[in-house]
1. Keeping to the stretch A:59-89, report how many residues are among the charged types (D, E, K, R) and out of contact with any Asp or Glu (no Cβ under 8 Å at 6 or more places or on another chain).
2. When A:Ala86 is evaluated against the numbered criteria (1) over 12 Å from the mean Cα position of the chain (by Cα); (2) surrounded by 15 or more Cβ atoms within 10 Å (Cβ to Cβ); (3) of a type in the set (Gly, Ala, Ser), which criterion, by number, is the only one it fails?
3. Checking B:Asp97 against (1) closer than 17 Å to A:Lys27 by Cα; (2) more than 9 Å from chain A (Cβ to nearest Cβ); (3) not in a strand (DSSP E or B): exactly one of these is not met. Which one?
4. Could you tell me whether A:Leu106 is of a type outside the set (Gly, Ala, Ser), under 25 Å from A:Cys4 (Cα atoms) and surrounded by fewer than 22 Cβ atoms within 10 Å (Cβ to Cβ)?
5. How about the stretch A:17-66: which strands (runs of 3 or more DSSP E) wholly inside it have at least 3 residues that are touching a Lys or Arg at 6+ places or on another chain (Cβ under 8 Å)?
6. Within the stretch A:67-89, work out how many residues are more than 7 Å from every other protein chain (Cβ to nearest Cβ) and hydroxyl-bearing (Ser, Thr, Tyr).
2 protein chains.
Amino acid sequence: MYFCDVENRESKELAPGVHAKTFWQEKMLLSVVDLSPNAVVPMHSHPHEQCGTVIFGEVTFTIGDETKVCKPGDTYIIPGGVAHEAIAGDMPTQVLDVFSPVREALKY
Amino acid sequence: MYFCDVENRESKELAPGVHAKTFWQEKMLLSVVDLSPNAVVPMHSHPHEQCGTVIFGEVTFTIGDETKVCKPGDTYIIPGGVAHEAIAGDMPTQVLDVFSPVREALKY
């Protein structure tokens, strides 16, 4: 199954109003994240690199000392260890995040 | 610069009508790929894992022996060494691909 069956994948709550569905191989873990309007992923960091894009909706990302309102197709890449935060806009929002190495905590 | 400045990044032609703009850290390389209508990325493989999504437009992906017409937000993950092909739909199309390890040939 190379195409991610998002519809049938169980979701995991990462924060209030933030639900992820994950898929992985050996080097990367892909996370399709649904955020309720105005949901917040609080500032945090991890040793894994992270990159991704907004699929629909809008997210205000703060990465290190940079902040940007990201819309569909806007992309970002976060080195390991750099703190970041995400705040959804006033609408249902979906983001694709990719981590390397695989985040073991998101293999569920 | 954690947010990818796609607008100002020089592009690299991967195949006729297929142009990539790439960004990278240590473990992942992110490639924003514009495909002209009906452009083809011929069947190929590489040892790097690849995952991604469609940003806008439509792509018919064949990965191994699976084929799917992918639309915005549809995601895929390709193990290293598995052959894959992409054919754009009848409209301008943009795809986000992520590779790990970094594909040196795409660091330009």
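Read-outs throughout are calculated quantities, based only on the coordinates presented, and are distinct from any laboratory measurement. Please read these numbers as outputs of a predicted model, since none were measured by experiment. FYI the Cβ positions are ideal-geometry reconstructions off the backbone, even for glycines, and counts take in every protein chain you see.
1. 4
2. Just one mismatch for A:Ala86, condition (1).
3. Of everything listed in (1) closer than 17 Å to A:Lys27 by Cα; (2) more than 9 Å from chain A (Cβ to nearest Cβ); (3) not in a strand (DSSP E or B), B:Asp97 misses just condition (3).
4. For A:Leu106, the condition - of a type outside the set (Gly, Ala, Ser), under 25 Å from A:Cys4 (Cα atoms) and surrounded by fewer than 22 Cβ atoms within 10 Å (Cβ to Cβ) - is met.
5. Hits in the stretch A:17-66: A:18-24, A:29-35.
6. Matching residues across the stretch A:67-89 total 1.
Let's see how each residue does on (1) surrounded by 12 or more Cβ atoms within 10 Å (Cβ to Cβ); (2) away from chain A (no Cβ under 14 Å):
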residue	(1), (2)
B:Val6	yes, no
B:Ser11	yes, yes
B:Val18	yes, yes
B:Lys21	yes, no
B:Val33	yes, no
B:Asn38	yes, yes
B:Val41	yes, yes
B:Pro47	no, no
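To keep it simple, each residue is scored yes or no on (1) over 11 Å from B:Tyr2 (Cα atoms); (2) among the β-branched types (Val, Ile, Thr).
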position	(1), (2)
A:Pro47	yes, no
A:Gly57	yes, no
A:Ile63	no, yes
A:Lys68	no, no
A:Tyr76	no, no
A:Val82	no, yes
A:Ala88	yes, no
A:Thr93	yes, yes
A:Pro101	yes, no
